Amino acid sequence: MKSKTFVMMFLAIGCGLVAAYLTARISAKQATPDTQPVLVAKEKINAGQVIKEPEKLFVVMSYPTGSTPNAISNFDDLKNKIVNKTVQAGQWLTPDDITGNFGIELPKGYYAMAVKVDATSAASGFILPKSRVNVVATIKASGMQGRPKVVTILQDVLVLAMDTTAVRPEDKMAFGQVNNALLAVKPADSQKLALAQSMGEIRLVLRSHDDDAKAVLPVQEYTEPDQLGAEGATVPSVKPQPTFKLIIAKQDLEAGTSIDEPEKYFIVRSFFDNLPGAVPEAELDKLKGKTLKHTLFKDAVVTAKYFQGQEIARIVEKTVDLRHVLFIQNGGQAPLVHTYKNGMITQPDEPTEKLLDKDRKPTEAPAGTSTGETGKTG
């Protein structure tokens, strides 16, 4: 009888211990819920910033499962992504907060700038994304003495997009209708292009895909009718300008570059206008041993500012004297003439008829006079 009682007692104790153990496990599990890793920002990240090294910007932290829906937990999911919104320190991201769309692809050192065009000014629509073009501006006449001009302001320019199409279509050779062209331009060229658009009409001239030569294209002006044209017609003429042989960069050069062999870094090109401080062809050898103080982009004219503090000869600019004549008439009196040279008056006022007498050739005589030795009136 006693043996049976002991067995029952031991069974009861064993069942109690098992029940206590299971109860403790369940309580512990309820006290410590399941967690998941989440990437949290270490510092403030501005909207539009590219995440190149996520390990430097984010840290892994544990959050209760389900408390951070869609939170990113893998560094690879953030690498080379752009943040769509400003992220504060301690915040986590979801896939909706980042993007891999970098927009239009721009060459390094270039800006994207749109110009207004139509089918006529864009080579009948045959200009497509990735085409190369020249930018020609028709400048309207300004002032009483102004004349219309045609200027090629940029050459061999990359077309990034036509309207919102940035990929060259495979099924057509031309666009039926276009409104804008997006061009890749250097910073300084963007200013030239903006100025040209404000002064006249822009046209894009399509270039061959394998043509990268930059021709010397002088400014074209329109003159008064002459014997070469029909009556009432205008004839284009080339505006004479001096030619300057200047040094330009062969490639993009970073600040701090040491010029050991100038021919490796620079070439000579002819220009119709001089730039202040530009380094001429004759001074190319003097660049040897110099160090660039500022970044120099490809095709940019080399000036002394890029070698600040280092002695380099500069071009002496040619000057042209400007002469202006102003006629003033008061009532029935003979007109007075004022002559100005480079903005400064050079002679006192005098009647127009005296000025005309000065300009007459010795063989010419006013009406009513003779050309005898005495020069007396007849």
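The values are calculated or read from the model by the stated rules, or taken from the named source; none is laboratory data. Everything numeric in this text was worked out from a predicted model, so none of it was measured. Neighbour counts run over all protein chains shown; Cβ positions are idealised from the backbone, glycine included.
Points to keep in mind about this one:
- Where THR68 falls short, out of the listed (1) closer than 30 Å to ASP34 by Cα; (2) at pLDDT 90 or above; (3) surrounded by 15 or more Cβ atoms within 10 Å (Cβ to Cβ): (2)
- Given (1) farther than 30 Å from THR120 by Cβ; (2) modelled with pLDDT under 85; (3) not in a helix (DSSP H, G or I), number of the condition THR234 does not satisfy: (1)
- Scanning segment 247-281 for residues that are touching a Pro at 6+ places or on another chain (Cβ under 9 Å) and charged (D, E, K, R) turns up just one, ASP273.
- Residue, modelled with the lowest pLDDT, within segment 193-231, restricted to residues that are assigned to a loop (DSSP other than H, G, I, E, B) and among the hydroxyl-bearing types (Ser, Thr, Tyr): THR223
Every residue, every condition in (1) among the β-branched types (Val, Ile, Thr); (2) in contact with a strand residue (DSSP E or B) (Cβ under 6 Å, 6 or more places away or on another chain), yes or no:
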site	(1), (2)
VAL185	yes, yes
LEU195	no, no
MET199	no, yes
ILE202	yes, yes
SER208	no, no
ALA215	no, no
PRO218	no, yes
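- Hey, SER73 part of a loop (DSSP other than H, G, I, E, B), among the polar types (S, T, N, Q) and closer than 10 Å to LEU39 by Cβ or not: yes
- First in segment 162-190 and under 16 Å from ALA114 (Cα atoms), second anywhere and among the basic types (Lys, Arg) and part of a strand (DSSP E or B), Cβ under 9 Å, 6 or more apart: ASN179/LYS116; ASN180/LYS116; ALA181/LYS116
Yes/no per residue for (1) under 20 Å from PRO107 (Cβ atoms); (2) at pLDDT 90 or above; (3) part of a loop (DSSP other than H, G, I, E, B):
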site: ARG147; (1), (2), (3): no, no, yes
site: VAL150; (1), (2), (3): no, no, no
site: LEU154; (1), (2), (3): yes, yes, no
site: LEU158; (1), (2), (3): yes, yes, no
site: MET173; (1), (2), (3): no, no, yes
site: LEU182; (1), (2), (3): yes, yes, no
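- Of all residues in segment 277-301 being aliphatic (A, V, I, L, M) and farther than 11 Å from LEU253 by Cα, the one that is surrounded by the most Cβ atoms within 10 Å (Cβ to Cβ): VAL279
- The residue that is nearest to the chain's Cα centre (by Cα), counting only those in segment 80-128 that are buried (at least 18 other Cβ atoms within 10 Å of the Cβ) and in a loop (DSSP other than H, G, I, E, B), is TYR110.
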